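Chemist: The structure is given below, and queries will be raised subsequently.
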Amino acid sequence: MSAAATMRAVVITESLTDRTLPSGFQNLPVHRYPHDLDGQTPIEICEVTVPAARAPELALQLARSLEPRLYYAHLIDKQHMLIAFPHTVVTVVRDDEAAIQHACNVGALFSIPASQMRFAEMWDTDHPDAPGTQAESE
């Protein structure tokens with residue numbers, strides 16, 4: 001990755017123990033918008049553009065800031081994804097089915113529903129859990 005490369009962090013506000021992004025995200029541009037998780041639960045999503053060189057550090061900060069169950073956050077670029085689970089970060093390279101399955105297995109430890117861990121689709125669809133996208137992908 002070049003020095004100017006970026007990743008997009010996608011964080012659910014309600015997933016954070018104090019409902020605020022960790023201090024490492026200060027002074028980074030944040031876009032916030034509402035979303036319905038699985039078409040049923042209203043949440044707020046924060047998208048933050050982060051320098052790729054800082055992505056591992058920020059993923060660890062997110063992992064330390066997440067509620068102990070039901071949530072994760074992720075940072076993504078065209079080929080890589082860092083998935084922050086509570087106190088854990090998993091790295092996935094696009095199309096690496098074993099790594100994707102490993103991430104799903106880790107997420108299950110935190111009671112995250114499989115329908116909310118459609119990691120393979122996140123490179124092409126921002127929110128594969130949105131109403132209508134599940135039927136399209138099956």
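The values are calculated or read from the model by the stated rules, or taken from the named source; none is laboratory data. Owing to the predicted nature of the structure, the values given are computational and were not obtained by experimental measurement. Counting neighbours? That spans all protein chains shown, and the Cβs are built from the backbone with ideal geometry, glycine included. Please note that ligands, DNA and RNA were not included when accessible areas were found on the heavy atoms of the full protein model with its side chains. Shrake-Rupley method; radii C 1.70, N 1.55, O 1.52, S 1.80 Å.
Chemist: In contact with an Asp or Glu (Cβ under 7 Å, 6 or more places away or on another chain), of a type in the set (Gly, Ala, Ser), open to solvent by 10 Å² or more (accessible area, probe 1.4 Å) and in contact (Cβ under 8 Å) with a residue 40 or more places away in the chain - does that describe any residue in segment 57-65?
Modeler: No, segment 57-65 has no match at all.
Chemist: I'd like to check something: does segment 71-82 contain any residue that is within 21 Å of Gly39 (Cα to Cα), buried (at least 17 other Cβ atoms within 10 Å of the Cβ) and without any contact (Cβ under 8 Å) to a residue 60 or more places away in the chain?
Modeler: yes
Chemist: Of the residues in segment 12-35, how many are touching a residue at least 24 places away in the same chain (Cβ under 8 Å), open to solvent by less than 50 Å² (accessible area, probe 1.4 Å) and either over 11 Å from Leu62 (Cβ atoms) or among the hydrophobic types (A, V, I, L, M, F, W, C) (or both)?
Modeler: 6
Chemist: For segment 1-114, give me every one of the strands (runs of 3 or more DSSP E) that falls completely inside it and has 2 or more residues that are in contact with a helix residue (DSSP H, G or I) (Cβ under 7 Å, 6 or more places away or on another chain).
Modeler: Answer list for segment 1-114: 6-12, 41-51, 73-76, 80-85, 88-93.
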